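Each reported figure results from applying straightforward, stated rules to the coordinates on display, with no laboratory input. Bear in mind the structure is a predicted one, so any value in this text is a computation, not a measurement. Every residue, glycine as well, gets a Cβ built from its backbone with ideal geometry; the counts of neighbours run over all protein chains shown.
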Amino acid sequence: MGQFLQFVFLGLSTGAVYAVLATSLVGVHAATGIINFAQGAFALWAVYVVATLRTDGTFVLPVGSIALGSTADPTPIALAVTLGVASAAMWAVLAHLIVFRPLRHAPVLAQVVASVGLMLFIQALVGLRFDTENLFATPILPENTVTVAGALINVSDLILAGTAIAVALGLWVYFTRTTTGIATRAASEDELAARLTGYAPDRLAGIIWTLTGAACGLIGVLASYTIGLNETSYTFYVIPALAAALVGRLSSFGVACAAGLALGSFQAVILWVDTKDWWPNWAQAGLGDAVPFVIVVVALFLLGGRIPARGALGAVKMPAVRIPRIRIVPVLLTLAIAVAALLATTGTWRFGVVTSIILSLIALSLVLLTGYLGQISLASMAFAGTAGFALSKLSDGLHIPFPVGVIMAAATATALGILVGVPALRIRGAQLAVVTLAAALAIQSFVFNNPSLTPAQGNLIADPSLFGVDLGVREGTDLVTLRFALLVLLIVAVCTLAVMRVMSGTTGRAMLAVRSNERAAASVGIDVAATKLLGFAVSAFLAGVGGCLIGYSRGQLSAGSFTVMIGLTLLAMTYVGGITSVSGAFAAGAVGPLGVGYVFLNQTLELGEYYDLIAAGVLLLMAVLNPVGITGAAAAALEHLRSRGARRPPADEPVTDAGKATAHV
């Protein structure tokens, strides 16, 4: 019993981080209506600022640094913590002013991808600005222990839990007992009424951003010595925090805090159970990370209808969709360009071209599901990875030949896609994004990183062959054979044309109707539930085929090929390219991770280490300034030029005075 209690209290350190992030998410949502996926990234920056100050006295800024000490004389703890907390608050204020305030009336999709982009941007910047490999947290809280019911308890864990409770209590008092806090809640329901009574909703929201950013920075810094420094972990602590916040219906600070503390303790207990002989081997890795996904789904199913939505001024429109048309000349021209690129390249460059072609198929799955059907999904690489690892079992273990193995593996991803898509029958928008991101992280931890299911070594994939012809990716010193490259192009082309046909047909129109207005779609006889599940199924199948092609191009798979971060980066590139158009998927593939754009950036410009930062930065700019993406903006500009040309009279036709007057008007 003592050992059990020891693990319960041990989990309070991580649970306190979950709790503060959860209450911060509740506060931000109450003030702005935004679910901020970058909340954990604020704490991440503060943690590394303090670690650097305590190591060599350097105060690292996003650009430049200030020497406040040395290795022999590091910055005092009080000053270091103050600067770390202030830096987290600074990021929160900048997020409000530069990113989210311009997007307060934007579509939910724009807000979600901007939030994801900010998360990616801060994490990439941390990797560039800090020596993450050699930095270690130093103790800030007392290191003594006390004994409770035979369990040895760290005093620091109790202090962290108390800090989390104090933050939740402080936010509750602010929102319910202060004039500005009550005004903030009122402004979240009706901005116009708040303005008429003399309050500025943006200023009120800015106060909450500052307070929650500082709170996240504080708890991250205080807990860093106990839970360690890991840039990925801090970034994705937002997932269990979101689970706790949703248990509190994004409105109760107390429930969110309690749920966060309980979740941290529960995950620690799972670690304790893992040491028992009776616990199955397949459940000894990643199960704790899968728990938040279950909590998110259950909470949204039970409470989704009672989670508050923010009032806004005016109606919000989704990005415009252009229905694809299959035209022979553009199709042949695109294929000719792709074939020429494959013929003209070798080695790393051809590998980049092939990777871009594969990524364009996975990006197309996002275009169909998110841009066309309006269901925000952050789990595309999870579907791709599921198919890739399934293909390894089928081709290398069961010796199922190509292309049957690809179809079966993609069907496995399709089944998973339908399962993940079931919550979409009840929820949508940012809440659905939370579900899919939690699902992606759970699949990555519980399946891809589980040695019982996908061992680190041995995920081999047999080379494809058809009618006795070897279509393998490598031959001798050739990194990518031309026949494999052409095979990839053929598969992607067939899948793309098939999807374009679906999107331009009756099914595509049903998807657009559901995207526009689900109730109106149902009133004209469209089965909304079946249409949504079909969208998830087709999207997962496309991503699954892409995952199989990635497997063939590597020959042996690892979890690193299908991380959540890669999936989010691809989403960023798809949004930048134009998430509502097929050409946007091609643009995303061209600049996607390890694609031809990355090869150019890495080999020609020698800026490969800045790829993640550039990708996230461009995403933020596009989300704020150009929500329709590059292809959407190009199409709009071309249409504008055509309309101007249509209005212009022929050169040999004289312009009358009346014509001049009309043109002038």
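Judged by the mean number of other Cβ atoms found within 10 Å, the most tightly packed of the peptides 256-262, 371-377 leads the ranking 371-377, 256-262.
Counting only helical runs of four or more DSSP H residues, what would the 222 nm mean residue ellipticity of the chain come to if each run contributes -39,500 (n - 2.57) and the total is spread over all its residues? It would help to have the intermediate numbers written out before the result.
On the way: 28 runs with 430 residues, N = 665.
It comes out at -21500 deg cm²/dmol, rounded to the nearest 500.
When you filter the chymotrypsin sites (Phe, Trp or Tyr not before Pro) in the range 476-544 for DSSP loop state and at most 16 other Cβ atoms inside 10 Å of their Cβ, nothing is left. Count Lys and Arg as plus one, Asp and Glu as minus one, and take only other residues whose Cβ is under 15 Å from that of S583; the net charge is then +2.
Amide H contacts of A137 (H built 1.01 Å from N, in plane; Pro and chain starts excluded): L229 sit under 5 Å, all sequence-distant by 5 or more or on other chains. Among F293, F467, a tally of other beta-carbon atoms within 10 Å of each Cβ gives an order, fewest to most, of F467, F293.
Summarising the amide proton neighbourhood of R249: residues at separation of 5 or more, or on other chains, whose placed amide H is nearer than 5 Å comprise an empty set.
Within a 10 angstrom radius of the beta carbon, how do S553, S539, S643, S558 rank from fewest other beta carbons to most?
Ascending Cβ contact count within 10 Å gives the list S643, S558, S553, S539.
Within the chain, which is the longest segment that contains none of the GluC sites (Glu not before Pro) sitting in a DSSP loop with at most 16 other Cβ atoms within 10 Å? Show your work: numbers first, answer last.
Values: sites that count: E133, E143, E606.
Longest site-free region, per DSSP loop and neighbour criteria: 144-605.
Near the amide H of A151, within less than 5 Å, lie no amide hydrogens of residues on another chain or at least 5 residues away, with H placed in the peptide plane.
Residues in the range 528-544 carry Karplus couplings, in order, of 5, 4, 5, 5, 5, 5, 5, x, 5, 5, 5, 4, 5, 5, 4, 4, x Hz; the curve used is 6.51 cos²θ - 1.76 cosθ + 1.60 with θ = phi - 60°, and Gly or Pro positions show x. A simple count of charges around F130, restricted to other residues whose Cβ falls under 12 Å of its Cβ and scoring Lys, Arg +1 and Asp, Glu -1, yields -3. Loop-located trypsin sites (Lys or Arg not before Pro) in the range 493-534 (DSSP state not H, G, I, E or B) with no more than 12 neighbouring Cβ atoms inside 10 Å do not occur.
Backbone geometry of the range 498-506 corresponds, through the Karplus equation with coefficients 6.51, -1.76 and 1.60 at θ = phi - 60°, to 3J(HN,Hα) couplings of 5, 5, 4, 5, 5, 5, 8, x, 4 Hz, x marking Gly and Pro.
Evaluated with a Cβ-only charge set (Lys, Arg +1; Asp, Glu -1), the chain carries a dipole of roughly 2100 debye about its Cα centre, given to the nearest 20.
With neighbour counts taken as other beta-carbon atoms within 10 Å, the residues Y199, Y598 rank, fewest first, as Y199, Y598. Note that the range 85-96 has calculated 3J(HN,Hα) couplings of 5, 5, 5, 5, 5, 4, 4, 5, 5, 4, 4, 5 Hz, one per residue in order, obtained from phi through the Karplus relation 6.51 cos²θ - 1.76 cosθ + 1.60 (θ = phi - 60°); glycine and proline are x.
Need one word for the range 393-540: rounded, prolate or oblate. Basis is the Cα gyration tensor (sqrt eigenvalues a ≥ b ≥ c); a/c below 1.5 gives rounded, then a/b vs b/c decides. Present the calculation step by step, with values, prior to reporting the outcome.
Working: a/c = 2.88, a/b = 1.60, b/c = 1.80.
Cα axes put the range 393-540 in the oblate bin.
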